[in-house]
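Novice: Right, I'll just put the structure down here and ask away after.
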Amino acid sequence: QVQLVESGGGLVQTGGSLRLSCAVSGRAFSIIGMGWFRQAPGKEREFVAAVSGSGGTTFYADFVKGRFAISRDNGKNTVYLEMNSLKPEDTAVYYCATSRGYSGSRYSSGYDYWGQGTQVTVSS
């Protein structure tokens, strides 16, 4: 059974930082891409960042504007999302997901398993 468990969310002030983690089990982690998505109240789930199986390729949504960084530790079967200079607009539930292939995708249809999410709240 494939399981993804996100952690690291919380409440921070504008300009603060958080580091999200996603631990994956039940899947060959190093050969699949990973992605982070988020969903705010009243909005559809949107792409945040993705990384290839080796960690050699990353790409991001435009709204990140250099503030976030995705990385992975294949020895720990874990993917991370470092978030800096957080804004109230970043408030959302953040989800990690396993890609259907070696590379990640900007689209949710490119992923097959999802975590339950971790709440990030940025206060004004």
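The values are calculated or read from the model by the stated rules, or taken from the named source; none is laboratory data. Computed from a predicted structure; not experimentally measured. Using ideal geometry, Cβ is built from the backbone for each residue, glycine included, and neighbour counts are taken over all protein chains shown. Just so you know, the surface numbers come from the protein's heavy atoms only, side chains and all, with ligands and any DNA or RNA stripped out. Shrake-Rupley method; radii C 1.70, N 1.55, O 1.52, S 1.80 Å.
Novice: Starting from region 1-85, pick out the trypsin sites (Lys or Arg not before Pro) whose DSSP state is loop and whose Cβ has at most 13 other Cβ atoms within 10 Å.
Specialist: Hits after loop and neighbour filter: Lys43, Lys65, Lys76.
Novice: Taking each pair of different alpha-carbon atoms in the chain once, compute 1/r for the pair, average those values, and report the inverse of that mean as the Kirkwood hydrodynamic radius in Å to one decimal.
Specialist: When all Cα pairs of the chain are included, the Kirkwood radius is 14.1 Å.
Novice: Cβ under 14 Å from Ser124's Cβ, Ser124 left aside: what net charge do those residues give with Lys, Arg +1 and Asp, Glu -1?
Specialist: Local charge sum for Ser124: -1.
Novice: Looking at region 20-110, which GluC sites (Glu not before Pro) are DSSP coil and have at most 13 other C-beta atoms within 10 Å of their C-beta?
Specialist: The qualifying sites are Glu44.
Novice: At a Förster distance of 35 Å, what's the computed FRET efficiency of Asp112 paired with Lys87, Cβ-Cβ distance as r, to 0.05?
Specialist: 0.70
Novice: Put a dot 7 Å past each Cα toward the Cβ at Leu11 and Glu44; how far apart are the dots in nm?
Specialist: Calculated label separation equals 3.2 nm.
Novice: Enter the Cα centre distance for the pair region 38-85 and region 1-28, rounded to the nearest angstrom.
Specialist: 10 Å
Novice: So how exposed is Trp114, as accessible area in Å² (1.4 Å probe, rounded to 10)?
Specialist: 70 Å²
Novice: Can you pull the percent of the chain's accessible area that's carbon plus sulfur, 1.4 Å probe, other chains left in place?
Specialist: 46 percent
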